[in-house]
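A short worksheet on the structure shown next.
The values are calculated or read from the model by the stated rules, or taken from the named source; none is laboratory data. Quick caveat: nothing in here was measured; it's all calculated off a predicted structure. Here the Cβ positions follow ideal geometry from the backbone for every residue, glycine too, while neighbour counts run over all protein chains shown.
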Amino acid sequence: MRLISISISHYVEKVKWALQLAGLPFTEESYIPGLHAAVTLWHTGGRHRATPVLIDDGEVIPDSTAILQHLAARYRQTWLYAHPEALVLEERFDASIGPHTRRFIYRHLFDNELSLAEIFSQDVVPAWQKRMLPLAAPMLKAGMIAEMAIYHDEAERSRLVFEAEFAYVDKLLQDGRPFLCGEKISAADITFAALAAPVILPSEYGARLPDLNSVKPGSTLPAVIEGYRNTTAGKYVQRLYRENRR
């Protein structure tokens, strides 16, 4: 299996985590933002621009949720959707957490002037792409801001959206259940944890995350991240990573 990725992407992380738990070997082919689109559009016949895209024995599957459903059906990974609520929660979190934690954290990273070249220079990115990053970074940043609406007012609205989802997960976990759908891990858990990761920054994440020691002196970002880590949902994300991500 080949996984076309932007390695730091939290939607890619969701798929890598599912593949890891399924014990399915794969090769990650990672690209820097912008270049990735040429590859994904090529493989999907112009239908899909975003990562991840999984290529499995000639079959091309775009979209993280479609990929997990493919793993469940083809490789009998029934644990992903053993509970009927797992898919409902997965689709909910895809929409109400994924875009919003991403927008929020990038706004903070840009305000702290963290290097995009450093953020996207992951180990799996080919050397020739890494060499492009310092020159491409200003154009890349402008494109990301425009495409993902990484503006201060939009980031603030996104904060309210994902904080409401954190509160929703807090309530689900109040009855003492170890996982969102009961006694066993499912697609819902992987999705929530991976998509919440940008504001938790777990050390077990499947790519190198930004270093909070690199933020500007006096930045509020470390305290913001610590606040999310100390919520019930944040502690649950950290436990999932600690116990289930390698």
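Please list, ordered by first then second residue, the pairs with beta carbon atoms under 6 Å, 6 or more apart or interchain, first in the stretch 204-216 and modelled with pLDDT of 95 or more, second small (G, A, S).
Y205/A197; A207/S7
Does R229 meet the test of being among the basic types (K, R), in contact (Cβ under 8 Å) with a residue 24 or more places away in the chain and either more than 15 Å from F104 (Cα to Cα) or in contact with an Asp or Glu (Cβ under 9 Å, 6 or more places away or on another chain) (or both)?
Values: among the basic types (K, R): yes; in contact (Cβ under 8 Å) with a residue 24 or more places away in the chain: yes; either more than 15 Å from F104 (Cα to Cα) or in contact with an Asp or Glu (Cβ under 9 Å, 6 or more places away or on another chain) (or both): yes.
Yes, satisfied.
Filter the stretch 179-188 down to residues that are under 22 Å from the mean Cα position of the chain (by Cα) and either over 23 Å from H100 (Cβ atoms) or not in a loop (DSSP other than H, G, I, E, B) (or both), then give me how many there are.
5
Can you find a residue in the stretch 59-73 that is within 27 Å of A188 (Cα to Cα), of a type in the set (D, E, K, R) and not assigned by TED's automatic domain parsing to the domain that holds L221?
yes
Within the stretch 76-118, which residues are more than 30 Å from P138 (Cα to Cα) and either hydrophobic (A, V, I, L, M, F, W, C) or within 18 Å of the chain's Cα centre (by Cα) (or both)?
Scanning the stretch 76-118 gives W79, L80, A82, A86, L87, V88, L89, E90, E91, R92, F93.
Looking only at residues in the stretch 189-243 that are in a loop (DSSP other than H, G, I, E, B) and of a type in the set (S, T, Y), which one is surrounded by the fewest Cβ atoms within 10 Å (Cβ to Cβ)?
S203
Suppose we filter the stretch 155-178 for residues that are among the hydrophobic types (A, V, I, L, M, F, W, C) and not in a helix (DSSP H, G or I); how many remain?
0
Here is a list: A142, A117. Which entry is part of a helix (DSSP H, G or I) and within 19 Å of K216 (Cβ to Cβ)? Full working, then the answer.
Values: A142 fails: within 19 Å of K216 (Cβ to Cβ).
That would be A117, the only listed residue that is part of a helix (DSSP H, G or I) and within 19 Å of K216 (Cβ to Cβ).
Answer with yes or no whether G176 is assigned by TED's automatic domain parsing to the domain that holds A117, without any contact (Cβ under 8 Å) to a residue 24 or more places away in the chain, among the small types (G, A, S) and under 24 Å from A86 (Cβ atoms).
Yes.
Assess whether E163 counts as being without any contact (Cβ under 8 Å) to a residue 12 or more places away in the chain, outside the structural domain of S9 (by TED's automatic domain parsing) and within 17 Å of the chain's Cα centre (by Cα).
Against the criterion (without any contact (Cβ under 8 Å) to a residue 12 or more places away in the chain, outside the structural domain of S9 (by TED's automatic domain parsing) and within 17 Å of the chain's Cα centre (by Cα)), E163 qualifies.
Here are some residues: A136, A127. Which one is free of Cβ contacts under 8 Å to residues at least 12 places away in the same chain and small (G, A, S)?
Working: A136 fails: free of Cβ contacts under 8 Å to residues at least 12 places away in the same chain.
Checking each option against the conditions leaves just A127.
With (1) at pLDDT below 95; (2) of a type outside the set (D, E, K, R); (3) in contact with a Cys (Cβ under 7 Å, 6 or more places away or on another chain) as the list, and P84 as the residue in question, which single condition is left unmet?
Result: P84 passes all but (3).
Among (1) closer than 19 Å to L195 by Cβ; (2) modelled with pLDDT under 95; (3) not small (G, A, S), where does I67 come up short?
(2)
Check off (1) over 11 Å from Y31 (Cα atoms); (2) more than 18 Å from the chain's Cα centre (by Cα) for P126 and give me the number that stays unchecked.
Condition not satisfied by P126: (1).
Looking at (1) crowded, with 19+ Cβ neighbours inside 10 Å; (2) among the aliphatic types (A, V, I, L, M); (3) part of a helix (DSSP H, G or I), which one does V125 not meet, given that it meets all the others?
(3)
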